[in-house]
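Notes follow the structure.
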Amino acid sequence: MHVSEAECDGCGSDSEDGRSVGELLLPQYALATGGLAKDHRPLITFPDHNNFHLLTAAEYRRLLLYLTSVPSILEAEMGFHIIIDRRKDRWNSVKAVLLRISEFFPGIIHAVYVLRPASFLQKALSEVSNKLFKEEFRFRVLVCSSVEELYEHFDRSQLTADLGGELQYSHSEWIQQRIALEKFSTLMKEISSKLDDFMHEIVDCDMGNDPTQTKELLDCQESRYKSLKSELSSATTQGEELLTQMRKPNLTYNIISHVAAVERLLVQLEETEKQFDNFWQKHSMKLNHWLMFRTFLLNFKQMQATLDSHLKNACDMTEVGETAIRVDDLIQEANEFEKLCNCDLEAASAVIEEGEKLMKDPLSSVDHIESKCEELRRTSSLLIEKIQKRNMLLTKARELMDRIDKANSWCATGVEILAGEGGLLAVDKLLEDARGFGLAAPDRFRDMLLHSATQETRALVTQVCQRVEDVWLMASVKRATLQRAAARPARPVHAVPPQSAAPLDAQVRALHFTAVLHTGLATKHNFRTERLIPTIVL
């Protein structure tokens, strides 16, 4: 891979003025080999290649900006040591480099070490000039006559072979690693930019008021989150592979700075992923809470409308029926209605439970949710109360119909006994049978039935009570008559004169009484009661 192919702000960036950094690295105008001084400050070397004069001011600035960015920020903040090797060059070249450094160096300079020209003439010039320009610069300049003088400040393991050191350095391999490192760094910047864009986009997004819209938004954002997580995972894998390559034991140059750079990038990547995960967790919790809240409100609205409809229907159910068959139909209808309501009441309870669970969330507006739950509870209670009252009313109506049917049947039996030749035992049994449908006395029976009567059944109950009272009274009178007859001594039988019409009149009135009773009892609920007592002759 050529240096110019790097896709980053370092090696491969294009320049508006002169060559790119990648092109400036190749001629080795200056090097950042990764070596450190004994005080652990980083080292930048200007090799003696007799080519520094080819650098323009802009290219020099661009190259130095890049090389001083190679060490870690912590190392760079400590300041740099600079070695200027001009043993094969002229003294003027030394001065040119020092002037450039004095004009611009993007960092703190701890000290500059000059390996002065070694030729006899240049050495003589340097000895004279050295005393003249040392005070011209803002940084400390140490002029060395030999590389051995460098060893006071640098360990040989931190110096390349051209400076008498043991650090094996391959510039081409260094550049290739820098390209890989820069590409990884650029990949991280791109991912970081995507994460920032995504987070800024979703943090102020409209979460919607419709659960469907909110769910679609959540699904879309979750999909993008997973996609970015995949890119983060892929970048981590690339970084780990790059780190493994750099740590191979067969490399022939000092790679500590590159390894440290990749390790720093991986740590940054890990921290970035943690921050992104924390952000997404908080955002997704907020969005999920909003989804549950909007779903609760929608369920509440639908449930409240359903219960209100049931409540209206329950209020409209006022008929109690005038016959046992109709009451049975109404009871069946009420049971079906209750089953329907119970299903919706269970659903309303689920919505209330959903609201109570939602209120435990710190993000919730408790008062707002509680008011909705309380409204559902109130409506549910009203509906349950209406259903219970309806059931009780129909139960009483059915009991009333049973008593009416039994009373009518008792009246029919009484008519047959009273119209026939039934004796005292038959009459006593008739009166005893009245207790089976609650008749202990006619007035008490009337009170009991009227208490259970509604506006619809009051006329019917009044008729039945009148009928029962008539039969009860006739039965009581006949019983008293039979008891008196049984107590009298037997009298001789006298022939009845043909002219006497009294017995005939009594028989006619008795037949009239029987006919009226049978006619009325046959029609039961439509029977118009007549006062029968005056027609009875005993």
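Restricting the calculation to Cα atoms, every distinct pair contributes to the Kirkwood radius of region 304-364, found to be 13.9 Å. Entry note: region 252-346 has Rg to Rh equal to 1.65, where both radii use alpha-carbon atoms and Rh is the Kirkwood radius. Length gained on full extension, Asp162 to Met359, computed as 0.36 nm times the residue gap minus the Cα-Cα distance: 63.5 nm. Once the gyration tensor of the Cα atoms in region 282-400 is diagonalised, the equivalent ellipsoid follows with semi-axes of 39, 11, 9 Å, ordered largest first.
The distance between label points at Glu75 and Gln302 comes to 6.4 nm (points 7 Å beyond Cα on the Cα→Cβ vector). Which links in Lys194/Lys360; Lys312/Lys372; Lys183/Lys282; Lys360/Lys386; Lys215/Lys360 stretch past 27 Å when you go from one Cα to the other? Long pairs (Cα-Cα over 27 Å): Lys194/Lys360; Lys183/Lys282; Lys360/Lys386.
Stretching Glu375 away from Asp277 to a fully extended chain increases their span by 31.4 nm, per 0.36 nm per residue minus the current alpha-carbon distance.
Over region 180-284, the alpha carbon radius of gyration divided by the compact-protein estimate 2.2 N^0.38 Å works out to 1.37. The distance between label points at Lys429 and Asn50 comes to 15.2 nm (points 7 Å beyond Cα on the Cα→Cβ vector). Spin-label pair Arg444-Glu270: with each label point 7 Å from Cα along the Cα-Cβ axis, the two points sit 9.4 nm from one another. Applying a DSSP loop filter and a limit of 13 other Cβ atoms within 10 Å to the trypsin sites (Lys or Arg not before Pro) in region 209-270 leaves Arg247. Kirkwood-type hydrodynamic radius, region 178-229: 12.7 Å, calculated from all non-identical alpha-carbon pairs. Take the Kirkwood radius over Cα pairs of region 44-118, plug it into Stokes-Einstein at 20 °C and 1.002 mPa s, and you get 167 µm²/s for translational diffusion. For region 128-210, applying the loop criterion from DSSP together with a ceiling of 14 other beta carbons within 10 Å to the chymotrypsin sites (Phe, Trp or Tyr not before Pro) yields Phe137.
Taking only the alpha-carbon positions of region 277-322 and ignoring solvent, what does the Debye formula give for the base-10 log of I(q)/I(0) at q = 0.16, 0.18, 0.31 Å⁻¹? Result of the Debye calculation: -0.61, -0.67, -0.97.
Using r as the Cβ-Cβ distance of Ser145 and Gln245, and R0 as 35 Å, what FRET efficiency do you calculate, to the nearest 0.05? Computed FRET efficiency for Ser145 and Gln245: 0.25.
Over region 228-293, the fraction of Cα-Cα pairs per 5 Å bin, rounded to whole percents and listed from the shortest bin up, is 4, 15, 18, 16, 12, 10, 8, 6, 4, 3, 2, 1, 0. Net charge in the neighbourhood of Gly164 (other residues with Cβ under 10 Å of its Cβ; Lys, Arg +1, Asp, Glu -1) is -2.
Loop-located chymotrypsin sites (Phe, Trp or Tyr not before Pro) in region 66-103 (DSSP state other than H, G, I, E, B) with a sparse environment of at most 11 neighbouring Cβ atoms within 10 Å are absent. Length, then width, then depth: along the principal axes, the Cα atoms of region 335-403 run 62, 18, 12 Å.
Just so you know, all these numbers are worked out from the coordinates, no wet-lab data involved. Computed from a predicted structure; not experimentally measured. Glycine gets a Cβ as well: all are built from the backbone with ideal geometry, and neighbour counts include every protein chain shown.
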